[in-house]
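Participant: Input: one structure, supplied below.
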Protein chains: 2
Amino acid sequence: MRTRVTEMFGIELPLFAFSHCRDVVAAVSRAGGMGVLGALYFTPEELETELAWIDAHTGGRPYGVDVVMPSSYAGAELGADSGEELQERLRALIPDGHRRFVDALLDGHGVPEAAGSDADRFLLGWTDATARPQVEVALKHPIGLLANALGAPPPDVVEQAHRHGVKVAGLASSRRHARKQCDAGVDVVVAQGTEAGGHTGEVSTMVLVPEAVDEAGAVPVLAAGGVGRGRQMAAGMALGAEGVWTGSVWLATEEADTPRGALEQILRASSSDTVRSRSMTGKPARMLRNDWTRAWEEEGSPGTLPMPLQFMLIADALRRVGRVRHPTLTPSPVGQIVGSMDRVKPCSQVVYELMEEFGEAVERLGRLADPR
Amino acid sequence: MRTRVTEMFGIELPLFAFSHCRDVVAAVSRAGGMGVLGALYFTPEELETELAWIDAHTGGRPYGVDVVMPSSYAGAELGADSGEELQERLRALIPDGHRRFVDALLDGHGVPEAAGSDADRFLLGWTDATARPQVEVALKHPIGLLANALGAPPPDVVEQAHRHGVKVAGLASSRRHARKQCDAGVDVVVAQGTEAGGHTGEVSTMVLVPEAVDEAGAVPVLAAGGVGRGRQMAAGMALGAEGVWTGSVWLATEEADTPRGALEQILRASSSDTVRSRSMTGKPARMLRNDWTRAWEEEGSPGTLPMPLQFMLIADALRRVGRVRHPTLTPSPVGQIVGSMDRVKPCSQVVYELMEEFGEAVERLGRLADPR
């Protein structure tokens, strides 16, 4: 296949695969697509390790890195000389009542207490200040793409990437976002509909992609949100996209490190079992509707805190829950395509089936449109 | 074009146009698609008038009628020998506090009181009992399609339609709904994503259509929700649909009787300006986010009532607001494609542009997939 993005990145298939798992990233790049590693949960040192591993396992095929530099977050105005100092100042903004709510929620579900704290660790990539060291690490590797997940990347980061010959992608969940990303100088706009897993807006992929394509003009657009199979890839490209950006579908692969409990919930869920909730990060993100999301909606909930405070608030809770593998008391980000994820496959098979169904869909559509 | 639905109905284009306005229905049928009249707001006598007019203005081309027979509604268990009796019993279920809230809301916006009441009239098509007379009227006309908007149609209605040689369509907003519609014996499933205007579920068109197609098997599926232009029609059919079902896009046509104030709001709105709200009928419906929808969400709202009580409750309010043409204090159902509706065109032009862009999208997709 040849589209503007396959040309831009020298890849065979206009298929981008976002994952926090290096094995998935490498596997999709090897299969002809473009794996993109979510850097969010890694310290700079850990990220260095992950990327070195990917370099050694992609056979020179291109891959990308995704960071989170939200254009707005609580405490951004505080300023700080270091990530540690910012962390300290932010921690002071978390109300005690919120801490008590989370503790009581876990106690109520019989989750034992755990020593130590991950709260500091979990601020990590959620701010401009803490994401920059990740960018520094990423640009020392032969990456082809740097993506920013929340809002337009800062101008100097775009310049820095371009100086390294690295293309920049920005996620957009509205026509206005697409404009801002283009104005910031991105090379690719990822137009992500509300059906996507993780942080997501309200406009559906069907509606958003044509708007983003019209707005982006010469900048190519990838369709994201609701893309997990070939018919959806064909639809995304029929809407005017040059390729697709996928995420959820890789959670149910042999290469993914999805925790067993979460995986079981995912394989069982229907497309109606997700909800947009602020309960993980403070910004709306789509995840499985479960005990965790319900607790934040029910009476007695103190309401969620703004980014990055919410994630700092719940960091220790996630660790406690993770230790006992309580699969329904933890945020489980996934998109609406979760309904079609019903067994675990190797990444190469997902790619193969996706492209096969894509081909069939395109051929069928051509036949319907012109029955001669 | 030739698909299973063009064959089934003897139409040129697999393009279904839902409208409450007979002029739109006739115009789309004349243009080669299939107009479908929403019968909801008409008494049986009025519906007879509308359909006679359509018969005289479609030159023998097929058209359809859409009724609302919800599979569940408040008071269904009350039973009643007549629509009037049912109405009487339902009216008694509306709390006074709700009436006071609506009155205060309108008073607060300076809307003058109005004599008389439309409350009885507005129960109309919202129940099985009151929709049946509409079906009786519709089946006396040469309609090609009877569609049911909320849940599976009762078995005897399906049989009755089939005896008249009329095909039956059922709307589905989840995979489970699609199964129920097929089990009820419908001839066409309309898989409608959350981005649609009016009553709508939570799953997006991108995710829902492939699921509905797989579930429906031999029963053809139309893609609905987010379809207002050719690229979206191509996408819907790439997802496996045999055609598309549209609605919102016809509100901004020369033939439509959309009130001027509402039309101005529609032309101005972006795709981010809609919300799913129960404030019109008691079931979630997508409409413009405005003073009306906000009032029901804000503090002091008594919460909405179940169908059909909510619409009975607000019927007189709608009349009061309509008299002073207050465009932001009235529910204005429209889908997310409202963002691309920026001027008023004749229906024939909408059809022409839609099919032209459809053709371009299909051609482009074929070229990208196979660049030889």
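Participant: How well do other chains shield peptide A:237-248, expressed as the mean number of their Cβ atoms within 10 Å of each residue Cβ?
Facilitator: Partner-chain Cβ atoms within 10 Å, mean over residues of A:237-248: 4.
Participant: Would you mind putting A:182-189, B:187-194 in packing order, based on average other-beta-carbon counts within 10 Å, highest first?
Facilitator: Averaged packing, sorted descending, gives the order B:187-194, A:182-189.
Participant: Another question about this same structure. Under 5 Å between amide hydrogens, which residues at least 5 positions from B:Met69 or on another chain qualify, with H placed 1.01 Å from N in the peptide plane?
Facilitator: B:Ala149, B:Leu150
Participant: Quick one: what are the phi-derived ³J(HN,Hα) couplings along region A:47-61, Karplus 6.51/-1.76/1.60 with θ = phi - 60°, whole Hz, x for glycine and proline?
Facilitator: 4, 4, 4, 4, 5, 4, 5, 4, 3, 7, 10, 10, x, x, 6
Participant: Express in nm, to one decimal, how much length is gained between B:Glu7 and B:Asp342 on full extension, taking 0.36 nm for each residue of separation and deducting their alpha carbon distance. Please list the in-between numbers first.
Facilitator: Numbers: separation 335, 0.36 × 335 = 120.60 nm, distance 3.36 nm.
Difference between extended and current length: 117.2 nm.
Participant: Once you keep just the Cα pairs under 8 angstrom separated by 6 or more residues, what percentage relative contact order results for region B:13-103?
Facilitator: 24 percent
Participant: Then there's this: Using a 10 Å cut-off around each Cβ of peptide A:218-225, what is the average number of partner chain Cβ atoms that fall inside?
Facilitator: 1
Participant: Quote the charge dipole size of chain A about the Cα centre in Debye, to the nearest 20; the model charges only the Cβ of Lys and Arg (+1) and of Asp and Glu (-1).
Facilitator: Rounded to the nearest 20 debye, it is 720 debye.
Participant: Note the distances from B:His164 to each other copy's matching label point, with points 7 Å along the Cα-to-beta-carbon direction, in nm, sorted shortest first.
Facilitator: Sorted ascending, the copy-to-copy spacings read 6.8 nm.
Participant: Now for a separate question. Can you compute the FRET efficiency between B:His162 and A:Arg176 using 1/(1 + (r/R0)^6), with r the Cβ-Cβ distance and R0 = 45 Å? Round to the nearest 0.05.
Facilitator: Efficiency, rounded to the nearest 0.05: 0.40.
Participant: What percent do you get for the relative contact order of chain A when only Cα pairs under 8 Å and 6+ apart count?
Facilitator: 18 percent
Participant: Report the antiparallel proportion of the DSSP beta bridges in region B:182-341 as a percent, rounded to a multiple of 5.
Facilitator: Among the beta bridges of region B:182-341, antiparallel pairing accounts for roughly 50 percent.
Participant: Another question about this same structure. When the helices in chain A are scored as -39500 (n - 2.57) per DSSP H run of 4 or longer and the sum is shared across all residues, what 222 nm value do you end up with, to the nearest 500 deg cm²/dmol?
Facilitator: Helix contribution divided over all residues of chain A: -12500 deg cm²/dmol.
Participant: Something else: Can you list the HN-Hα couplings for region A:334-340, worked out from phi with the Karplus curve (6.51, -1.76, 1.60; θ = phi - 60°), rounded to whole Hz and with x for Gly and Pro?
Facilitator: 6, x, 5, 5, 3, x, 9
Participant: Let me ask something else. Once phi is turned into ³J(HN,Hα) by the Karplus curve 6.51 cos²θ - 1.76 cosθ + 1.60 with θ = phi - 60°, what whole-Hz value does each residue of region B:238-251 show in order, with x for glycine and proline?
Facilitator: 4, 6, x, 6, 8, x, 10, 10, 10, x, 3, 4, 7, 5
Participant: Mind listing the long-range amide H neighbours of B:Ser204? Cut-off is under 5 Å, sequence gap 5 or more, other chains count too, H placed in the peptide plane at 1.01 Å from N.
Facilitator: The answer is B:Thr194.
Participant: Also, quick follow-up: Where the eigenvalues come from the Cα gyration tensor of the protein assembly as shown, what are the semi-axes √(5λ) of the equivalent ellipsoid, largest first, in whole Å?
Facilitator: 45, 31, 23
Participant: Expressed in nm to one decimal, what extension gain is obtained for the pair A:Ala56 and A:Glu85 from 0.36 nm per residue of sequence separation less their Cα-Cα distance?
Facilitator: On the way: separation 29, 0.36 × 29 = 10.44 nm, distance 3.57 nm.
Answer, rounded to one decimal: 6.9 nm.
Participant: Also, quick follow-up: Could you give, in nm with one decimal, how far B:Ala52 is from each other copy of that position, shortest first, with labels 7 Å out from Cα toward Cβ?
Facilitator: In nanometres, ordered from closest: 8.6.
Participant: Using 0.36 nm per residue, how much length does the chain from B:Arg100 to B:Ala114 gain when fully extended, once their Cα-Cα distance is taken away?
Facilitator: Roughly 3.5 nm would be gained on extension.
Participant: State, to one decimal in nm, how far the label point of B:Glu356 lies from the label point of B:Glu77, with both points 7 Å from Cα in the Cβ direction.
Facilitator: With each label placed 7 Å out from Cα toward Cβ, I get 5.7 nm.
Participant: If you don't mind, there's one more thing I want to ask. Pick out, in residue order, every one of the trypsin sites (Lys or Arg not before Pro) in region B:273-366 that is DSSP loop and has at most 10 other C-beta atoms within 10 Å; say none if there are none.
Facilitator: Details: sites: B:Arg276, B:Arg278, B:Arg286, B:Arg289, B:Arg294, B:Arg319, B:Arg320, B:Arg323, B:Arg325, B:Arg343, B:Arg364; in loops: B:Arg278, B:Arg289, B:Arg325, B:Arg343.
Here the trypsin sites (Lys or Arg not before Pro) that fit, given the DSSP loop and packing criteria, are B:Arg343.
Participant: Go from 0 up to the bin containing the longest alpha carbon distance in chain B, width 20 Å each, and give me the % of pairs per bin.
Facilitator: The distribution over chain B is 29, 60, 10, 0, given as percents.
Participant: Rounded to whole Å, give me the distance from the Cα center of region B:135-204 to that of region A:293-372.
Facilitator: So the separation of the two Cα centres works out to 30 Å.
Participant: Still on this structure: At most 12 other Cβ atoms within 10 Å and a DSSP loop assignment: could you name the GluC sites (Glu not before Pro) in region B:261-344 that fit?
Facilitator: B:Glu298, B:Glu299
Participant: Taking the DSSP beta bridges in the protein assembly as shown as the whole, what percent of them are antiparallel, to the nearest 5?
Facilitator: Roughly 20 percent of the beta bridges in the protein assembly as shown run antiparallel, per DSSP.
Participant: Also, quick follow-up: Return a whole-number percent for the relative contact order of region A:180-233, with Cα pairs under 8 Å and 6 or more residues apart as the contact set.
Facilitator: Reported as a whole number, the value is 39 percent.
Participant: Using a 7 Å offset from Cα along the direction of the beta-carbon, what are the separations from B:Asp103 to the same position in each other copy, nm, ascending?
Facilitator: 5.0
Participant: Please list A:302-311, B:222-231, A:53-62 highest first by mean number of surrounding beta-carbon atoms within 10 Å per residue.
Facilitator: Output ranking for A:302-311, B:222-231, A:53-62: B:222-231, A:302-311, A:53-62.
Every read-out reported here was derived from the displayed coordinates using simple, explicitly stated rules and does not represent laboratory data. Note that the coordinates shown come from a computational prediction; the quantities given were computed from them, not determined experimentally. Every residue, glycine as well, gets a Cβ built from its backbone with ideal geometry; the counts of neighbours run over all protein chains shown.
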